[in-house]
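Let me begin by presenting the structure, written as structure tokens, before commenting on it.
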Amino acid sequence: MPLVVALRDTACDAVEAVGGKAVNLHRMLGGRLNVPDGFCVTTRAYRLAVGPLGGELEALFARARDGAAD
């Protein structure tokens, strides 16, 4: 799987590869709805970019959740 795919690409029909929003945009394009052409970053690309952050990112999310509860 590439790191970036066009919304018109058939790879955009797999939620585990591109996420729900991209799948829905892909389907709307296929239904000939007025959706701008575009691209999405794959979940693989996200994991490659975020993976090295490890626990730091989880700690940041936890702090944001805890702060949101105030």
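The values are calculated or read from the model by the stated rules, or taken from the named source; none is laboratory data. Note that the structure is a prediction, hence the values are computed from the model and not measured. Positions of Cβ are backbone-derived with ideal geometry, glycine not excepted, and every protein chain shown enters the neighbour counts.
The set of residues in the stretch 34-45 that are surrounded by 10 or more Cβ atoms within 10 Å (Cβ to Cβ) and either of a type outside the set (Ser, Thr, Tyr) or modelled with pLDDT under 90 (or both) comprises Val35, Gly38, Phe39, Cys40, Val41, Arg44, Ala45. When the helices (runs of 4 or more DSSP H) confined to the chain are screened for residues that are over 15 Å from the mean Cα position of the chain (by Cα), those reaching at least 1 such residues are found at 20-30, 55-68.
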